[in-house]
Amino acid sequence: MKRTPLASFARRLDLADLSLLPDEKLTPSRLRIELLAGLTVALALVPEAVAFAFVAGVHPLVGLYAAFLVGLITALIGGRPGMISGATGALAVVMVALVAEHGIEYLFATVVLMGILQVFAGVMQWGKFIRLVPHPVMLGFVNGLAIVIFLAQMSQFKVPGTAGTPGGGAWLSGMPLVMMLGLTALTMVIIWGMPKLTKIVPAPLAGIGIVAALVIAFGLDVPRVGDMASIKGGLPPFHIPMVPLNLETLEIIVPYAVILAAIGLIESLLTLNLVGEMTNKRGGASQECIAQGTANIVTGFFGGMGGCAMIGQSMINVKSGARTRIAGISAALFLLTFILFASPLIELIPLAALVGVMFMVVIGTFAWNSLKILAKVPAMDAFVIILVTVVTVMEDLAVAVVVGVIVSALAYAWNNARRIHAKTYMTPEGAKVYQVQGPLFFGSSDGFIELFQPDSDPSVVIVDFADSRVVDQSALQAIEAVAAKFEAAGKQIQLRHLSRDCHRLLNKAGHLMIDSDDDPDYQVAVDYGVRTGILGSH
């Protein structure tokens, strides 16, 4: 029995679902892996949340609260264990204009409306449309986000406190730059080599811990988390957005909410697919929409900037061995612990260690094989991979995916439009049979019409659709146009071997003069007369 999204939502509240697979049973070993993976993710979330809060033009705690709340709720009820959600740059770059022009209260109201739209999308099961995203678009998405994650780390190589100044701030130079690069490289080497020695501790956590210990022990003067901003704070306070409840407010927040909801769902659903490939799990798209929406509604009422799935942190989590919801839940709780109690310690962590972790994420996320297959796949697919990658970097993820899907769809339509052709032969009774091959739809309708020769064909023409399909209104229009031409020439046209769906479509339009279901089963070759004047010539 198929579950509705709301039924799945209720089912996922039961944490007994954590141990469905044999290798995911809550043994002490599994629990240790999940908790350590959560700690690693929490450490990686801190600079990202702070940086994206700066991008959006809000206080760092607004980003941290979003990372905690969105991360916790989606970990509890999301579409797939292993995914990590929080404040993201893709949303922050849209929010900045709203905050600058109308203030932070309008941002909170927008996040609430964004969440409502996402829940609606989940209830309507619109998440399933993510399956329409072609594989070349997925490759472009992965490559583009890897580049975006890499570029986002560049701000850590600037003099602390200057990244947000006009001109982008001053770059590190001299010994500070050398130490920053050296510690980043050391972190990457530890992450690369640690699994070869032991897997007791996740490699990213080991890299952060070892490099942080060296920096603190030797008092090295390098940028640290505390140089970005203080992360100390209290529990997220309940707060109703202070905006007027009128039409003018809706006119302001609706456009932003729609854009944010679309970007959030697209990034989350594509990350869902990517995590699914890594963990060999499927489904959960509509459930993820509901979870993201619920998280954003709650976040908007607790002073957070909203968020969505984070591909970088999700990769850290999965590659650290996490396979259940415990890792995501613990990551959110660790983050809250940092805010409430451990901020002095967390602020001592060198940014170089966190940058090293993210650089390894970039290396692991980028689809390097896509560079090899560019010359082997069809030219259009190669173009789509490059196009989506570039647009993701230059614009944003939502635009890139939409552009990629549109280009892929147009290419598919064009390829199918060129396939329409027909084989002809004469029956003993003197009728000419056109055996149409290829789909009949808007792209091939003109080619279909050009197949026929009303002036030179005999008085009876049979169009055999055994190897074709009538798809849309343009196809109906084309059939009527051909029938009208033969009718004007005083000749008769008949349709044969209509599939059941084609028969239903033509019958509904009123084109068929014989109403029978024999032909779809190919038991009796019924020849259908065609009624013209239904759709008109234009």
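Can you tell me the order of 400-406, 195-201 when each peptide is scored by its average per-residue count of other Cβ atoms within 10 angstrom, highest first?
400-406, 195-201
Could you tell me the distance between the Cα centroids of the stretch 292-347 and the stretch 357-414, to the nearest Å?
28 Å
Please report the antiparallel percentage of the DSSP beta bridges confined to the chain, to the nearest 5.
Percentage antiparallel, nearest 5: 55.
With P(r) over Cα pairs in 10 Å bins from 0, in percent as the read-out, I listed [x] 3, 16, 23, 24, 18, 11, 4, 1, 0; [y] 4, 16, 22, 20, 13, 10, 8, 5, 1, 0; [z] 4, 18, 28, 25, 16, 7, 2, 0; which label goes with the value calculated from this structure?
Recomputing P(r) over Cα pairs in 10 Å bins from 0, in percent here gives the entry labelled [y].
Filter the cross-link list Lys199/Lys372; Lys25/Lys281; Lys281/Lys319; Lys25/Lys319; Lys423/Lys491; Lys25/Lys128 down to pairs whose alpha-carbon distance in this structure exceeds 24 Å.
From the list (Lys199/Lys372; Lys25/Lys281; Lys281/Lys319; Lys25/Lys319; Lys423/Lys491; Lys25/Lys128), the Cα-Cα distance tops 24 Å for Lys199/Lys372; Lys25/Lys128.
How much of the accessible area of the chain, probe 1.4 Å, is carbon plus sulfur, in whole percent?
66 percent
Distance from the Cα centre of the stretch 464-483 to that of the stretch 175-247, in angstrom?
62 Å
For the chain, report the accessible area per residue in Å² (1.4 Å probe, heavy atoms, rounded to an integer).
I get 44 Å² per residue for this part.
Output ³J(HN,Hα) for the stretch 341-346: one whole-Hz value per residue in order, computed from phi by the Karplus curve 6.51 cos²θ - 1.76 cosθ + 1.60 with θ = phi - 60°, and x for Gly and Pro.
These are the phi-based 3J(HN,Hα) values: 10, 9, 4, x, 6, 5 Hz.
Under the Karplus relation 6.51 cos²θ - 1.76 cosθ + 1.60, θ = phi - 60°, what is the ordered set of whole-Hz ³J(HN,Hα) values for the stretch 394-408, x standing for Gly and Pro?
Couplings: 7, 10, 7, 4, 4, 4, 4, 5, 4, 4, x, 5, 4, 4, 5 Hz.
Return the calculated 222 nm mean residue ellipticity for the chain, to the nearest 500 deg cm²/dmol, obtained by summing -39500 (n - 2.57) across DSSP H runs with n ≥ 4 and dividing by the residue count.
It lands at -19000 deg cm²/dmol.
With an 8 Å Cα cut-off and a minimum separation of 6 or more residues, compute the relative contact order for the stretch 376-448 in percent.
The value is 24 percent.
Just to verify a number: what accessible area does Met180 come out at with the full protein assembly present, 1.4 Å probe, Å² rounded to tens?
We get 0 Å² for Met180.
Ranked highest first by the average count of other Cβ atoms within 10 Å around their residues, in what order do 422-433, 70-81 fall?
Working: 422-433: 12.3, 70-81: 26.2.
My ranking of the peptides, most packed first, is 70-81, 422-433.
Give me the number: length gained by fully extending Leu345 to Thr424, i.e. 0.36 nm times residue separation minus the C-alpha to C-alpha distance, one decimal in nm.
Full extension from Leu345 to Thr424 adds 20.3 nm.
Using only Cα atoms and rounding to the nearest 10 degrees, what angle (0 to 90) does helix 325-337 make with the longest principal axis of the chain?
For 325-337 against the chain, the angle is about 40 degrees.
What shape does the stretch 29-113 take by its C-alpha gyration tensor, where a ≥ b ≥ c are the square roots of the eigenvalues and a/c under 1.5 counts as rounded, a/b above b/c as prolate, and the rest as oblate? Provide the component values of the computation, followed by the final result.
Working: a/c = 3.14, a/b = 2.02, b/c = 1.55.
Prolate is the answer for the stretch 29-113, as a/c is 1.5 or above and a/b outweighs b/c.
Which chymotrypsin sites (Phe, Trp or Tyr not before Pro) from the stretch 179-250 combine a DSSP loop assignment with at most 10 other Cβ atoms within 10 Å?
For chymotrypsin sites (Phe, Trp or Tyr not before Pro) across the stretch 179-250 that sit outside H, G, I, E and B with at most 10 neighbouring Cβ atoms in 10 Å, the list reads Phe238.
Would you mind checking the tilt of helix 351-365 against the longest principal axis of the Cα atoms of the chain, expressed as 0 to 90 degrees and rounded to 10?
20 degrees
Only Cα pairs under 8 Å and at least 6 apart count here; give the relative contact order of the chain as a rounded whole percent.
22 percent
When you count, for each residue, the other Cβ atoms within 10 Å and take the mean per peptide, how do 489-497, 255-263, 339-347, 51-59 rank with the highest first? Please list the in-between numbers first.
Working: 489-497: 18.4, 255-263: 21.0, 339-347: 15.9, 51-59: 22.7.
The packing order, highest mean first, is 51-59, 255-263, 489-497, 339-347.
Using r as the Cβ-Cβ distance of Leu374 and Asn246, and R0 as 56 Å, what FRET efficiency do you calculate, to the nearest 0.05?
For R0 = 56 Å, the calculated efficiency reads 0.60.
Which of rounded, prolate, oblate describes the stretch 360-478, given a ≥ b ≥ c as roots of the alpha-carbon gyration tensor eigenvalues and a/c under 1.5 marking rounded, otherwise prolate only if a/b is larger than b/c?
Taking the square roots of the gyration eigenvalues as a ≥ b ≥ c, the stretch 360-478 is prolate.
Shape verdict for the stretch 172-244, please, from the Cα gyration tensor: rounded (a/c under 1.5), prolate (a/b greater than b/c) or oblate.
Values: a/c = 2.85, a/b = 1.62, b/c = 1.76.
Cα axes put the stretch 172-244 in the oblate bin.
Hey, what did the stretch 290-438 get for relative contact order, percent, Cα under 8 Å, at least 6 apart?
Relative contact order comes out at 11 percent.
Taking amide H atoms as placed 1.01 Å from N in the peptide plane, list the residues 5 or more away in sequence, or in a different chain, whose amide H sits under 5 Å from that of Val460.
Lys432, Gln492
Pop out the ³J(HN,Hα) list for the stretch 293-304 in order, Karplus 6.51 cos²θ - 1.76 cosθ + 1.60 with θ = phi - 60°, rounded to Hz; leave Gly and Pro as x.
These are the phi-based 3J(HN,Hα) values: x, 4, 4, 6, 4, 4, 4, x, 8, 10, x, x Hz.
Ignoring ligands and nucleic acids, what accessible area does Cys308 show with a 1.4 Å probe (Å², nearest 10)?
For Cys308, the solvent-accessible surface is approximately 0 Å².
The values are calculated or read from the model by the stated rules, or taken from the named source; none is laboratory data. All values derive from a computational prediction rather than experimental measurement. We place every Cβ from the backbone using ideal geometry, glycine too, and count neighbours over all the protein chains shown. Accessible surface is based on the protein model in full, side chains and every heavy atom, while ligands, DNA and RNA are left aside. Shrake-Rupley method; radii C 1.70, N 1.55, O 1.52, S 1.80 Å.
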